[in-house]
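Asker: My questions all concern the structure below.
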Amino acid sequence: MIPNSTRNWSAFSTFALSVMLLGVTSARAGVLIGNDYGGQKKTHLLRLVRQEVRVAVDNQVARTTVVQVFQNDSPTEVEGLYLAQLPENAGVISFAHYRNGRRLASRLEEKKTARAIYRDAQQRELGPALLEYSKENTFRMKLDQIAVGAEKKVELTYSEILPYAGGAIT
């Protein structure tokens with residue numbers, strides 16, 4: 001049996017690590033910008049309705065999942081552009097978006113092939129998504145057909161190696 005003081009310290013240290021990582025990770029959460037169809041070239045920042053950040057640390061590796069729900073309050077249907085900047089040396093594990101309550105996971109394709117698949121799915125009105133590396137560890141994802149008043153849920157999971165100094169993860 002663990003003494004109360006040890007158990008309380010363990011719970012506190014786990015809580016403190018979670019809060020510390022949550023603060024760092026939340027800053028890495030994405031934004032969703034809506035672009036009008038029809039050549040008007042108006043953009044709208046979609047409102048963040050909900051956000052959930054889960055961090056699991058195993059030894060020195062943090063695995064972070066960010067789930068965000070945005071709402072299109074603009075007067076028109078939009079194509080969304082989700083932007084997320086990851087921590088330095090982090091790598092995307094998975095990306096998904098939801099359409100009609102169904103999780104649609106991404107898959108890795110060569111750039112030209114991926115763009116062709118996106119355009120084809122867009123023409124067939126399937127509500128596709130296209131994730132691309134932009135620069136400086138920034139990723140962008142095109143999300144087609146976000147209706148007026150509709151919510152769009154996105155899920156990004158990435159991993160990173162946490163810094164280690166003086167015998168502790170920092």
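Asker: Enumerate the strands (runs of 3 or more DSSP E) found wholly within the range 75-153, keeping only those where 2 or more residues are open to solvent by 80 Å² or more (accessible area, probe 1.4 Å) and modelled with pLDDT of 70 or more.
Answerer: Here the list reads 102-105.
Asker: Quickly run through the range 38-87 and pick out the residues that are under 24 Å from R99 (Cα atoms) and β-branched (V, I, T).
Answerer: T43, V49, V53, T64, T65, V66, V67, V69, T76, V78, listed by residue number.
Asker: Related question: For the condition part of a helix (DSSP H, G or I), closer than 22 Å to A105 by Cα and either modelled with pLDDT under 95 or in contact with a His (Cβ under 9 Å, 6 or more places away or on another chain) (or both), what is the one hit in T14, T25?
Answerer: Just one listed residue meets the conditions, T25.
Asker: Could you count how many residues in the range 50-84 are among the aliphatic types (A, V, I, L, M) and under 26 Å from A150 (Cβ atoms)?
Answerer: Residues in the range 50-84 being among the aliphatic types (A, V, I, L, M) and under 26 Å from A150 (Cβ atoms): 8 in total.
The values are calculated or read from the model by the stated rules, or taken from the named source; none is laboratory data. None of the values given here were measured: they were computed from a predicted structure. Cβ atoms come from the backbone with ideal geometry, glycine included; neighbour counts cover every protein chain shown. The area values use the complete protein model at the heavy-atom level, side chains included, leaving out ligands, DNA and RNA. Shrake-Rupley method; radii C 1.70, N 1.55, O 1.52, S 1.80 Å.
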